[in-house]
1. Just how much of residue 615 is accessible, in Å², when a 1.4 Å probe is used and the result is rounded to the nearest 10?
2. Would you mind checking the range 422-465 for residues with the amide N under 20 Å from a putative spin-label position 7 Å along Cα→C-beta of residue 485?
3. Give me the one-decimal nm value for the distance between modelled label points at residue 741 and residue 361, 7 Å along each residue's Cα-to-Cβ direction.
4. Give the ranking of 289, 716 by solvent-accessible surface, highest area first, calculated with a 1.4 Å probe.
5. Say R0 is 41 Å: what FRET efficiency, to the nearest 0.05, do residue 502 and residue 197 get from their beta-carbon distance?
6. Run the simple label-point estimate for residue 401 and residue 495 please: 7 Å along Cα→C-beta, distance reported in nm.
7. Packing-wise, with mean Cβ within 10 Å as the measure, how do 795-806, 646-657 rank, highest first?
8. Can you tally the net charge around residue 454? Count Lys and Arg as +1, Asp and Glu as -1, for every other residue whose Cβ sits under 14 Å from the Cβ of residue 454.
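The values are calculated or read from the model by the stated rules, or taken from the named source; none is laboratory data. Only a predicted model underlies this, so the values are computations on that prediction, with no experimental measurement involved. Don't worry about glycine lacking a Cβ; one is built from the backbone with ideal geometry, like all the others, and counts go over all protein chains shown. Each accessible area value is taken on the protein alone, full model and side chains, heavy atoms only, with ligands, DNA and RNA left out. Shrake-Rupley method; radii C 1.70, N 1.55, O 1.52, S 1.80 Å.
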Amino acid sequence: MDAKYIVLALIVLGLITGAVLGWLAFFRITGLRGRINSLQRDLNILQQQVSTPAPHSDFTEQPAHTSTTASAWSKQQENPQPEAVKSAAPASAPPRWQALLVDNWMIWLGGLCVALAGVFMVKYSMEVGLLGPRARITLALFTGLGLHAAAAWLRRRNAGSDPVFAALAGGASITLYAALLAALHLYHLLDPRLVFALLAAVSLMTMALSLVHGPLLAIIGLIGAYTVPILVSNNSGNMVAAMIYSLIISGAALLLQRYVFRYWLWWGVMAGSLGWWFLSLGAPQADIFRGPYLALLAWGMVALPGFDWLLRGHHITPANIPEAGARPITLFGFHAQLNQPGLLLVILAWGFSVYLQGFDANALGLWVPLVAVVFFAARQRDSLAALPWITLAVQWLAWLVSAIHYDNAVNQFFLSGLPMTEQPQFLTFSVFMGLTYTGLALLHLRQRGFSHGWMSLSLLSPLAWLALAYLLVNGLSQSIHWSVMTLIAGAAYGTTAGILLQRGKQQQTTLWLTLGAHFAYSLAVAMYFREAGLTLALSAQLLSLSWLMKRHRLPWPGYLIKALLAVIVIRLTFNPWLLSYPQDVNWPLWTFGGATLFSVLAAMQCRSSPGIQKWLEAATLHLLVLTLGAELRYWLYDGDIFSHRYSLKEAAINTSLWAGLALTYYRRSMVSESLGNLYKICSRILLALSLASYGIVVLVHNPWWSHAAIGTAPVFNILSLAYGLPVVMALLVARYHEPALRRTAMGLAGLGTLLFVSLEIRHLWQGDHLSLQNPTSDGELYSYSISWLLMAVAAILAGASWRVPDLYKSGITLLAVVIAKIFIMDMSDLEGLLRVASFMGLGLSLLGLAWLHRRMQNNQTAEVVSAPSGQQA
């Protein structure tokens with residue numbers, strides 16, 4: 001048996017030695033061949049530079065020699081190449097990952113083979129029974145350590161690192177992993193805690209060796225380190241210990257970033273650390289540590305790579321250059337590029353944890369640390385300045401969503417408040433969180449001076465926490481107590497702003513104090529008012545903001561007015577269709593009308609600011625449209641403005657109302673400079689709505705088939721409103737709107753006139769019911785013919801006189817229809833002298849029309865002939 005041991009050891013040692021020497025020879029030859037090719041390319045470039053004549057210049061200096069030193073070559077790499085060199089260069093370089101794969105695939109494959117050799121050696125010894133369990137594990141461990149020693153010896157002998165040596169060291173680490181895991185899971189030779197410690201030591205050692213062997217070894221150690229707890233898991237469920245271990249590995253890897261910097265290595269740290277956070281979501285015992293874990297991870301991401309323990313934002317340069325040929329990157333630049341998305345991922349994980357865990361007595365200790373870390377990290381790093389606001393938004397939404405539940409009985413979501421036992425604790429939590437955000441933001445302002453972002457956070461975050469506490473404690477129910485408390489906060493902001501304005505100081509601070517006061521007011525009225533009253537209360541702020549802008553000559557209230565106008569217009573446009581309103585009071589009048597009135601009064605206050613005044617006037621027009629429409633439906637449907645009906649009367653009114661407002665908007669666009677395009681777009685939208693409503697009048701509510709009640713009064717009935725007034729509006733559009741719409745409007749006016757006259761004739765003969773199913777008398781048929789004939793004659797004469805070809809053609813077409821109707825329908829039952837008289841009357845009418853038409857053409861021709869030559873042209 002001893003001889004077998006000796007033979008096996010010699011075989012293994014020979015394989016390892018031969019593999020190492022073979023790799024060295026192969027890759028040394030490969031490296032030399034690459035250097036020769038590189039030198040040949042450099043020589044070709046230099047020859048092209050020498051053979052290409054330089055452009056003549058009195059200030060051109062000739063080089064003293066043509067040899068290329070290292071410094072000269074680096075300068076040449078920095079400067080743009082001549083055209084000849086550019087033409088000699090390849091059209092496009094392959095991607096870096098592809099170049100690395102082509103250049104180093106044998107190295108990576110060799111390292112993998114070394115690792116597999118160690119694994120197969122243990123497996124072979126098991127199969128043939130040459131060695132016992134302890135001997136197999138011992139041999140594998142010595143093999144891994146021997147490979148590490150060989151890699152270190154080769155690096156020292158060659159006075160530098162090489163990817164071959166890194167691959168050899170990587171295979172050695174994987175061999176050690178396999179041996180330790182086999183000792184644990186296959187043979188149960190070692191205690192799991194000891195194996196855990198040994199595997200962690202191997203991982204840290206592997207990452208440390210990347211300082212001399214390069215980043216390839218770092219990623220091997222990183223992957224192994226993060227998977228150690230899974231590999232040695234004994235189902236103990238000690239997730240907190242695994243998370244602490246993950247923090248240790250992450251800290252070591254982040255420290256390593258100072259010396260071996262790669263983007264993919266940094267993202268590997270993020271993947272591993274957040275991967276353990278994700279695994280902890282299924283372990284309730286980790287709830288108490290999940291918040292501090294994310295806070296410590298965030299602190300390590302910012303502090304460890306630069307030894308910036310207090311997060312002061314030092315500008316430190318890493319000890320290495322990231323990649324060959326790449327520009328050195330400062331650690332501060334590294335933070336700007338990677339810490340922002342990295343911290344954002346941590347904040348999102350933190351918010352998701354808040355949502356899953358809900359509220360408990362430990363909430364302050366769990367979620368405050370990350371807020372503090374982010375604030376201090378952003379204190380001296382402008383690239384992270386938005387993250388404190390993001391923590392507020394993410395946490396606010398997480399708490400709100402955690403209180404939303406789905407009711408299967410009514411098939412909808414609802415907001416449920418916290419249990420009574422948790423409400424006092426959450427109020428304390430909200431107060432402390434608000435003070436934390438305000439205090440840290442004020443600390444930043446004291447150290448670095450005024451900043452809009454930090455000032456807004458210091459003043460608005462308490463109101464945000466106040467709103468959240470109201471929603472989670474009181475739900476959506478009305479509360480006078482919460483409203484009064486919020487108004488007191490807003491009054492404090494407003495009073496402070498007034499004092500600063502009186503002193504003429506700190507207008508930037510006053511901006512956010514004023515905004516905070518108005519936000520508090522809006523929040524207060526939302527807590528007390530509902531539906532219609534809330535909109536009116538919000539609209540009242542237009543007066544206060546416009547007065548403030550006029551009284552103190554401040555420019556920034558204009559932005560607040562625009563934002564408030566957007567809220568009011570959007571709410572009145574869409575919100576009423578989503579909520580229910582009482583029918584016993586005329587709420588459209590004082591809600592829509594009240595908002596319109598406030599907008600008018602604010603526009604009067606802003607006469608010294610024409611830009612804001614025009615915005616208010618535009619909003620006034622829009623609100624007027626909404627007011628008229630809502631009030632119309634209120635009276636038509638007995639207070640139910642959201643009735644699912646669209647009657648003939650409503651459609652008729654809207655057709656002319658929207659067309660008239662479209663003309664008003666268009667005239668405003670002609671005199672407005674800043675809002676001209678907006679007015680024009682609104683005008684077109686209203687015209688489209690008017691046309692759609694008229695289409696409903698003609699196609700849906702047409703009395704010929706809808707059986708709509710018209711009334712007995714002649715002319716002055718619903719027909720005049722639904723079919724006569726739109727003709728007038730179409731003529732006004734043709735006259736006073738865009739020239740491009742003139743032809744279409746005139747065509748609609750002509751067709752509408754024909755329809756209106758025909759409906760009125762049928763109403764005169766049929767009474768209240770105009771259905772086409774009713775029989776038509778001869779007198780009614782003759783009435784159509786006479787009226788249509790008169791309309792055709794008028795159109796022909798007007799078109800010829802005014803030289804409007806479309807009107808003339810329309811008259812001819814209508815005349816042809818009248819003639820066809822007379823021949824086919826009117827005269828079909830006439831006999832004897834009646835037929836003679838009818839044909840005689842029709843013929844004489846046509847001859848008279850032709851004579852008038854010929855005479856008008858002759859007069860026009862005479863005018864053209866008698867006009868001077870210049871006028872003829």
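1. 90
2. Taking a point 7 Å out along Cα→Cβ of residue 485, the residues of the range 422-465 whose backbone N falls under 20 Å are 422-439, 459-465.
3. 7.0
4. Descending order: 716, 289.
5. Details: r = 69 Å, r/R0 = 1.69.
According to the calculation, E is roughly 0.05.
6. Label at residue 401, label at residue 495, 4.0 nm between them.
7. Sorting 795-806, 646-657 by mean packing, highest first, produces 646-657, 795-806.
8. Values: positive: 379, 381, 446, 448; negative: 382.
After counting each charged neighbour, the total is +3.
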